[in-house]
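The values are calculated or read from the model by the stated rules, or taken from the named source; none is laboratory data. Owing to the predicted nature of the structure, the values given are computational and were not obtained by experimental measurement. Please note: Cβ atoms are built from the backbone with ideal geometry, for glycine as well, and neighbour counts cover all protein chains shown.
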Amino acid sequence: MAAASSTQRANRGAFSGRTAFILAAIGSAVGLGNIWRFPYIAYSNGGGAFILPYVVALLTAGIPLLFLDYAIGHRYRASAPLSFRRLHRLTEPIGWWQVMICVIIGIYYAVILAWAAQYFIFSFTKAWGDDPGAFFIGEFTQSIEAAQATVGLDFVPAVLIPLIIVWVATVGVLALGVQRGIARTSLIFMPLLVVMFVALVAIGLTLPGAAQGLDALFTPDWSALTNSSVWVAAYGQIFFSLSVAFGIMLTYSSYLKKDADLTGSGLVVGFANSSFEILAGIGVFAALGFMAQAAGVPVDEVAGSGIGLAFIAFPTIINQAPLGTVIGVLFFGSLVFAAFTSMISIIEVIISAVQDKLGLGRITSVLVVGIPMALASLLLFPTTTGLNLLDVMDAFVNNFGIVAAALVAAVTLTAGFAALPTLRNHLNRSSSFKVGRVWQLLVGGIAPVILGYILIGQFQEVLLNGYGGMPQGFVNAFGWGMAGGLVVIALIMTLIPWSARSNAAKVDSDGDLIPSPILDRLVDAGRIEAAKQDPVVDDATLPLEPPRPAARHAAHTTTEEF
């Protein structure tokens, strides 16, 4: 068993230690949304007062759900589908649902990374000219109007070439493996990202009008706290920003050593991600304050988020600001670093699943995943309809993919299979910060209510008002059709047999037996003979008994309980 274990571990890969894991996890969490989404969300939802619901959301949903991902991945030590299968064979589709969400995000996230890389180069010459908006829409992406959105193959070379480079770089890094590829890239990119963005903020604070921008961001509107939409916005920002519930953190935690401090690492990742969002808010609104003063308008007339902020507003600022070229290089360089570390984490979820399902080697799995995804990305997005396609797919995969999958997972693990006590025990085995029944309440009670509220609200909004002024047929195909198709494909993938080399039922990547949650509780209750007779007995053959408070994971220091 030891030899087999070593081979399996070598083939699957692992992080060398806690630091490598934390940097990779922060690299996944700190992405485009931190830079171009959080500042505007905070500004438009109470300014400085938004920090209160934001911190509440972090503590009551973000970190608890992050712990849940860590517990599942680390306990079952496999990809998302195999981890859920080891929990119970009926929950395997949840894992494949998460994988398919990553497929969709990966094929469009690459094009945003390609835009950022191209604009990094443009920054040296300010190639966007005097009208960055017209340049981005009319010349760079050559986008057609949303109302005329359709599918076409009118390729745009300015996007096609950098997109090819992005996919080559992504596949190359992932082919190197978990430690030599993902961890080393994060070890280089994350410190550079922080240094570059701190420098960007320092320059931004010296710009005329910076104080006006910061006043707009941080002046609290306490009355906003009585508005439920502000709290929903806070939970939504935390949820999407931390990369929880769609396989990334689950997959990364499966590469940790067995004695890893899961909750301690989770707290570092959670607070590091939020700290970077605050830093991004300062940098972005200092620059927007300068833009507003230069135009002689209030900040609310120039404040924005997303693609418009990054590729239209910031080039305008770069044109007008002292040290504009330096600002451009720092800003778009930061976007590239943040997006690339997130990109490799998204694709890794899929590679890990394919590797486990088919029993393939690392490089073969990378090629099996990377080549088809690259082709899909290259066919769909460097076209005149690519911007509209990205818009609708991003909205629907987030609002009706990630949110729905997270809701189903939370309800299933809580009510369907009562797995939270076992996962709590696992978190507490070697963690410095112990979790208790409050964590179970947050994951099994608070989180599903919030996720359900967000999901229902999004359904109502899109059903009543449509989406983005786009043709309904286009939205039906690439919005609703895509979101529903993910579920169908997840069910189909569940029916495909697992390779004998994946050890799907019996052992983890270290060759150790993994009892199911129900069997685990029977062992806790003293029915050890059942485990001796069949350590991998199917959950369906065992009666569900209430667990006795476990004492077997009580070792290690306990100073906190969440």
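Quick notes on this one:
- Conditions (1) closer than 30 Å to SER377 by Cβ; (2) of a type outside the set (Phe, Trp, Tyr); (3) surrounded by fewer than 17 Cβ atoms within 10 Å (Cβ to Cβ); (4) in contact (Cβ under 8 Å) with a residue 40 or more places away in the chain; number of the one not met by ASP221: (1)
- Scan the range 396-427 for residues that are outside any helix (DSSP H, G or I) and over 17 Å from LEU250 (Cα atoms) and the total you get is 2.
- Boolean, SER186 is touching a Leu at 6+ places or on another chain (Cβ under 6 Å) and modelled with pLDDT under 95: no
- Total residues in the range 189-226, condition within 13 Å of VAL284 (Cα to Cα) and aliphatic (A, V, I, L, M): 13
- The range 175-188, subset surrounded by fewer than 17 Cβ atoms within 10 Å (Cβ to Cβ) and free of Cβ contacts under 8 Å to residues at least 12 places away in the same chain, residue nearest to ILE282 (Cα to Cα): ILE188
- Residue count, the range 79-100 (criterion: among the hydrophobic types (A, V, I, L, M, F, W, C) and closer than 21 Å to MET373 by Cβ): 6
- Scanning the range 72-105 for residues that are of a type in the set (Lys, Arg) and part of a helix (DSSP H, G or I) gives ARG75, ARG85, ARG86, ARG89.
- Close Cβ contacts (under 7 Å, 6 or more residues apart or on different chains) running from residues in the range 115-130 that are more than 11 Å from ILE318 (Cβ to Cβ) and in contact (Cβ under 8 Å) with a residue 60 or more places away in the chain to residues that are part of a helix (DSSP H, G or I) and aromatic (Phe, Trp, Tyr) comprise TRP115/PHE311; ALA116/PHE332; PHE120/PHE332.
- Test: residue in the range 278-296 that is in a loop (DSSP other than H, G, I, E, B) and either free of Cβ contacts under 8 Å to residues at least 40 places away in the same chain or closer than 30 Å to ALA14 by Cβ (or both): yes
- Selection count, the range 241-262, where residues are on the phi < 0 side of the Ramachandran plot and surrounded by 23 or more Cβ atoms within 10 Å (Cβ to Cβ): 13
- Being more than 21 Å from the chain's Cα centre (by Cα), closer than 17 Å to GLY106 by Cα and surrounded by fewer than 20 Cβ atoms within 10 Å (Cβ to Cβ) holds for only one residue in LEU358, LEU367, and it is LEU367.
- When THR170 is tested against (1) of a type in the set (S, T, N, Q); (2) under 25 Å from PHE271 (Cα atoms); (3) at pLDDT 95 or above, exactly one condition is not met: (2).
- Residue check: ASP391 meets all listed conditions (1) surrounded by fewer than 22 Cβ atoms within 10 Å (Cβ to Cβ); (2) touching a strand residue (DSSP E or B) at 6+ places or on another chain (Cβ under 9 Å); (3) over 26 Å from TYR70 (Cβ atoms) but one, namely (2).
- Note on the range 169-248: enclosed helices (runs of 4 or more DSSP H) holding 2 or more residues that are out of contact with any Cys (no Cβ under 8 Å at 6 or more places or on another chain) and more than 30 Å from GLY457 (Cα to Cα) are 184-205, 210-218.
- The helices (runs of 4 or more DSSP H) located wholly in the range 436-509 that include 3 or more residues which are under 23 Å from ALA245 (Cβ atoms), under 25 Å from the mean Cα position of the chain (by Cα) and not aliphatic (A, V, I, L, M) occupy 447-465, 481-495.
- All of (1) over 15 Å from PRO162 (Cβ atoms); (2) touching a Ser or Thr at 6+ places or on another chain (Cβ under 7 Å) hold for VAL111 with one exception: (1).
- The listed residue being of a type in the set (Phe, Trp, Tyr) and under 15 Å from the mean Cα position of the chain (by Cα), out of TYR54, TYR40, TYR76, TYR70: TYR70
- One residue stands out in the range 461-479 among those that are surrounded by fewer than 17 Cβ atoms within 10 Å (Cβ to Cβ) and hydrophobic (A, V, I, L, M, F, W, C): the one that is farthest from HIS88 (Cα to Cα), namely LEU464.
- When PRO448 is tested against the conditions (1) touching a strand residue (DSSP E or B) at 6+ places or on another chain (Cβ under 7 Å); (2) without any contact (Cβ under 8 Å) to a residue 60 or more places away in the chain, the lone failure is (1).
- Hits in the range 413-442 (condition: crowded, with 23+ Cβ neighbours inside 10 Å and small (Gly, Ala, Ser)): ALA419, SER431
- Residue, surrounded by the fewest Cβ atoms within 10 Å (Cβ to Cβ), within the range 85-105, restricted to residues that are β-branched (Val, Ile, Thr) and under 21 Å from PHE396 (Cβ atoms): VAL103
- The range 303-329, residues that are polar (S, T, N, Q), buried (at least 18 other Cβ atoms within 10 Å of the Cβ) and modelled with pLDDT of 95 or more: THR316
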